[in-house]
């Protein structure tokens, strides 16, 4: 039997009269955690932009290489995302149903899958790396050439070793979020970001390792919290723990976990693959356009962090209350989080759009480059759709928490492959060959049109227990 878990957060989720108050209190640490994750990536871009490259074009090639890494990394992170969704859904519903023994059992097995998948993906990256082929296959397929291909090969190879570490952290964080514990993962991430900043400065500014220094610093920063995670997972006296004898896999439990993990993983994968296709198209317009899009995406990611935090807490709220046979409270949790997310995002957009150029200039260390002006234009278009994305993320929290991750898959497929990518190709055909604005329009239109479909799927949610008791 698992050790008794901390009661305070469970009581807040299951019985606190003000759902809004509970969501805000618990979402703040998750927001800080997600913010720090975004800063992990931004640290690399900020320091690399300040390297004394021989020409501006070489700097843009280095930033483009890092931008190429983002969709490829997210594509392979789909397995980790699927495991995280399955962990929140299963552990929260089992804990809500007072079956902590099953919560511990499935948490243990999900951690095993995280390690296996992380090792497998690292092997894939090694076999397609510049050490084996002479160039990085993924970067080449996305259209990187010359300096961008060389930098991508270096950056991809080093960061490929972090997948096991990141997968472990994803499942660990999901285990804790499933029971309302959100603070300790933030503390670990704070330590990681401090390590990342210090080492990136040391490796780039002092040792002059260039883009490889940025990659090594991020890799070490991801490794730093792992000993604390292992100790907390096996020795915690307050929370769900995992046990080595229960980490073995069998067909029945793998199939059971697959009901939740596979649709979420495929949904994340097809989304990331869609971004790979779009990024490949962006590269056709030049490295300066790719670098400009990269900065805009990073600003968007930072702004979206509060909404993603609320969405993940909402999934735990819904899962625990469904398991506790409180469907009305689960339903109300969704409506409260949706309204809060929309308000926060609208305020954030109103603040960031007028301030975008100073932020872009800080990241690029330039206010005269082509990337600077392209990013300023792109950021406006992107941020205008962010309130719509708050509604999109609210649907995802509802689907994942209620155990309907297959709806998440259907939304991802419809938005990217049914709407956005066909529109990108259509605008490429209709607009002049050097006009990349069709990508802006395709993103805005798809973010709007997906919402009626999300509402249609929402009507099928019955707020009933989905795990086997």
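Key figures for this structure:
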quantity	calculated
So residue 77, is it within 20 Å of residue 189 (Cβ to Cβ) and crowded, with 18+ Cβ neighbours inside 10 Å	yes
Hey, residue 443 under 21 Å from residue 297 (Cβ atoms) and more than 20 Å from the chain's Cα centre (by Cα) or not	no
The stretch 139-183, residues that are outside any helix (DSSP H, G or I) and buried (at least 21 other Cβ atoms within 10 Å of the Cβ)	142, 144, 178, 179, 180, 181, 182
Answer from 49, 97, 55 - the residue that is surrounded by fewer than 23 Cβ atoms within 10 Å (Cβ to Cβ), over 20 Å from the mean Cα position of the chain (by Cα) and without any contact (Cβ under 8 Å) to a residue 60 or more places away in the chain	55
Filter pass, residue 247 being closer than 17 Å to residue 103 by Cβ, crowded, with 21+ Cβ neighbours inside 10 Å, in contact with a helix residue (DSSP H, G or I) (Cβ under 9 Å, 6 or more places away or on another chain) and in contact (Cβ under 8 Å) with a residue 60 or more places away in the chain	no
Residues of the stretch 448-461 that turn out to be in contact (Cβ under 8 Å) with a residue 12 or more places away in the chain, within 28 Å of residue 257 (Cβ to Cβ) and surrounded by fewer than 18 Cβ atoms within 10 Å (Cβ to Cβ), as a count	3
Qualifying residue in the stretch 423-434 (condition: under 22 Å from the mean Cα position of the chain (by Cα), part of a helix (DSSP H, G or I) and modelled with pLDDT of 90 or more)	no
Residue satisfying all of: in the stretch 200-211; over 23 Å from the mean Cα position of the chain (by Cα) and assigned to a helix (DSSP H, G or I); surrounded by the fewest Cβ atoms within 10 Å (Cβ to Cβ) among these	206
Residue 186 within 29 Å of residue 124 (Cβ to Cβ) and either modelled with pLDDT of 90 or more or assigned to a helix (DSSP H, G or I) (or both)	no
Boolean, residue 265 is within 13 Å of the chain's Cα centre (by Cα), more than 30 Å from residue 327 (Cβ to Cβ) and in a helix (DSSP H, G or I)	no
Enumeration of residues in the stretch 425-442 that are touching a residue at least 60 places away in the same chain (Cβ under 8 Å) and buried (at least 19 other Cβ atoms within 10 Å of the Cβ)	436, 439, 440
Sole residue being outside any loop (DSSP other than H, G, I, E, B), in contact with a helix residue (DSSP H, G or I) (Cβ under 6 Å, 6 or more places away or on another chain) and farther than 23 Å from residue 310 by Cα, chosen from 418, 438, 454, 361	438
Among (1) modelled with pLDDT under 85; (2) touching a helix residue (DSSP H, G or I) at 6+ places or on another chain (Cβ under 7 Å); (3) outside any helix (DSSP H, G or I), the one test that residue 237 misses	(2)
Within the stretch 311-343, tally of residues that are more than 27 Å from residue 91 (Cβ to Cβ) and touching a helix residue (DSSP H, G or I) at 6+ places or on another chain (Cβ under 7 Å)	1
Qualifying position, being over 15 Å from residue 37 (Cβ atoms) and free of Cβ contacts under 8 Å to residues at least 12 places away in the same chain, among 133, 233, 183	133
Out of 24, 85, sole residue that is touching a helix residue (DSSP H, G or I) at 6+ places or on another chain (Cβ under 8 Å), over 21 Å from residue 221 (Cα atoms), buried (at least 24 other Cβ atoms within 10 Å of the Cβ) and touching a residue at least 40 places away in the same chain (Cβ under 8 Å)	85
Of all residues making up the stretch 213-235, the number that are within 16 Å of residue 162 (Cα to Cα) and over 23 Å from the mean Cα position of the chain (by Cα)	1
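Condition check ((1) under 26 Å from residue 263 (Cβ atoms); (2) without any contact (Cβ under 8 Å) to a residue 24 or more places away in the chain; (3) buried (at least 22 other Cβ atoms within 10 Å of the Cβ)) across all residues:
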{"position": "349", "(1), (2), (3)": "no, no, no"}
{"position": "352", "(1), (2), (3)": "no, no, no"}
{"position": "360", "(1), (2), (3)": "no, no, yes"}
{"position": "372", "(1), (2), (3)": "no, no, no"}
{"position": "394", "(1), (2), (3)": "yes, no, yes"}
{"position": "397", "(1), (2), (3)": "yes, no, yes"}
{"position": "403", "(1), (2), (3)": "yes, no, yes"}
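The values are calculated or read from the model by the stated rules, or taken from the named source; none is laboratory data. The model shown is predicted, which means the values in this text are computed figures rather than measured ones. Ideal geometry is used to build each Cβ from the backbone, glycine not excepted, and the neighbour counts take in all protein chains shown.
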